Amino acid sequence: MIRSPLMTVMTDAVMKASRSLKRDFGEVENLQVSRKGPGDFVSAADRKAEKILREALEKARPGYGFVMEEQGIVEGTDTSHRWHIDPLDGTTNFLHGLPQFAISVALERDGQIVAGVIYDPAKDELFIAEKGKGAYLNNRRIRVAARTEVPDAVVACGLPHIGKGDHGLFLRECASVMAHVGGMRRWGAAALDLAYVACGRFDAYWERGLNSWDMAAGILMVREAGGFVSDADGAPNPLASGSIACGNETMHRELLKLLKKAKG
Ligand code: IPD
Ligand code: CA
């Protein structure tokens, strides 16, 4: 496949940041056993990766704005464009030496997400999508799973933890979904959960309490792979509410029904 100039800019920035992240991931295991622990080290790794991404994107597309997990919102002189950046999605996994984390970068143009890149450095898996041009994993076109029987479905979710989210609602949703599906997973990196729906590894996924940088690239990835995406209550724009539900047409519809039942 031939990459557009925009996609080249995005993947070059992501690959550059990933080299730094990968080096730091190698250090985390050593730090696990030190008294200080890896906490501060991981925050520094996160900030370093974000700085690399910002510098590379700013150089290639001066004036675009930013919505970043670490540095927050930076208004650009070009008000039609802004990047949504998560330099390290799956921070808890990274901190614990679990190789399930990613860099996620999306471009918003006039209110619409038009391009997304999600890169998993531990597995060297690069997911890319551009609006109207399909979604790819390491240059191979990807599609959402074709399965339509709910008992066969593997459904991913994100669950709240201490100090986050509505634990009661999640437990009701989980009970409602687990009674009907073939398996459930909580892997701890929202961008990869979405990429995995896009390439058919997961049949469906839902989560509440997300930010634009966690899911902007992944939403486009799933849609460009032929999937259906809404928020967890069925409203069209997950970025507005911070919740998400997705899958192929059938799995998305069935998941929404189960989530609705849990809300009562
Ligand atoms: C988190 C991950 C996780 C999700 C959390 C996110 P972070 O992002 O995507 O899977 O459940 O809600 O905050 O903090 O690791 O970048
Ligand atoms: Ca994240």
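Scanning segment 242-260 for residues that are in contact (Cβ under 8 Å) with a residue 40 or more places away in the chain and hydroxyl-bearing (Ser, Thr, Tyr) gives a single hit, Thr250. Considering the conditions (1) under 18 Å from Arg19 (Cα atoms); (2) within 16 Å of ligand 1 (Cβ to nearest atom), Gln71 is excluded by exactly one of them, (1). Scan segment 154-163 for residues that are in contact with a strand residue (DSSP E or B) (Cβ under 6 Å, 6 or more places away or on another chain) and not in a strand (DSSP E or B) and the total you get is 1.
Of the residues making up segment 195-227, just one is more than 20 Å from Ala153 (Cα to Cα) and hydroxyl-bearing (Ser, Thr, Tyr), namely Ser212. Close contacts from segment 75-101, counting a first residue that is under 15 Å from Phe41 (Cβ atoms) and of a type in the set (Phe, Trp, Tyr) and a second that is more than 10 Å from ligand 2 (Cβ to nearest atom) and part of a loop (DSSP other than H, G, I, E, B), with Cβ to Cβ under 8 Å and a gap of 6+ residues or different chains, come to Phe101/Pro121; Phe101/Ala122.
All conditions but one from (1) of a type in the set (Asp, Glu); (2) within 16 Å of ligand 2 (Cβ to nearest atom); (3) more than 21 Å from Ile219 (Cβ to Cβ) apply to Glu69; the one that does not is (3).
Scan segment 197-211 for residues that are more than 15 Å from ligand 2 (Cβ to nearest atom), touching a Phe, Trp or Tyr at 6+ places or on another chain (Cβ under 9 Å) and either under 18 Å from Arg253 (Cα atoms) or charged (D, E, K, R) (or both) and the total you get is 3.
Please go through segment 181-198 and give me each residue that is part of a loop (DSSP other than H, G, I, E, B) and within 19 Å of Leu126 (Cβ to Cβ), ordered by number. Hits for segment 181-198 are Trp187, Ala189.
Yes or no, residue by residue, for (1) within 16 Å of ligand 1 (Cβ to nearest atom); (2) more than 16 Å from the chain's Cα centre (by Cα); (3) surrounded by 13 or more Cβ atoms within 10 Å (Cβ to Cβ); (4) acidic (Asp, Glu):
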residue	(1), (2), (3), (4)
Phe94	yes, no, yes, no
Ala102	yes, no, yes, no
Gly116	yes, no, yes, no
Lys133	no, yes, yes, no
Glu173	yes, yes, yes, yes
Ala179	no, yes, no, no
Arg185	yes, no, yes, no
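Meeting the requirement of 3 or more residues that are surrounded by 21 or more Cβ atoms within 10 Å (Cβ to Cβ), the strands (runs of 3 or more DSSP E) wholly within segment 199-264 are 204-207, 244-247. If you check Leu255, Leu220 for being away from ligand 2 (no atom under 14 Å from the Cβ) and more than 12 Å from the chain's Cα centre (by Cα), only one passes: Leu255.
The combined condition, being within 21 Å of the chain's Cα centre (by Cα) and more than 20 Å from Pro238 (Cα to Cα), is fulfilled by Ser43.
Cβ-Cβ distances below 8 Å connect the following pairs, each with a first residue in segment 179-195 that is closer than 17 Å to Gln100 by Cα and within 10 Å of ligand 2 (Cβ to nearest atom), a second residue that is at pLDDT 95 or above and in a helix (DSSP H, G or I), and a separation of six or more residues or different chains: Ala190/Asp214; Ala190/Met215; Ala190/Gly218; Ala191/Asp214; Ala191/Met215; Ala191/Ala217; Ala191/Gly218. The set of residues in segment 45-68 being under 19 Å from Gly111 (Cα atoms) and charged (D, E, K, R) consists of Arg61 alone. The residues in segment 71-80 that are at pLDDT 95 or above and either part of a loop (DSSP other than H, G, I, E, B) or buried (at least 16 other Cβ atoms within 10 Å of the Cβ) (or both) can be counted, and the count is 3.
The values are calculated or read from the model by the stated rules, or taken from the named source; none is laboratory data. Keep in mind it's a predicted model, so treat the numbers as computed, not measured. Quick reminder, even Gly has a Cβ in these numbers, built from the backbone with ideal geometry, and neighbours come from all protein chains shown.
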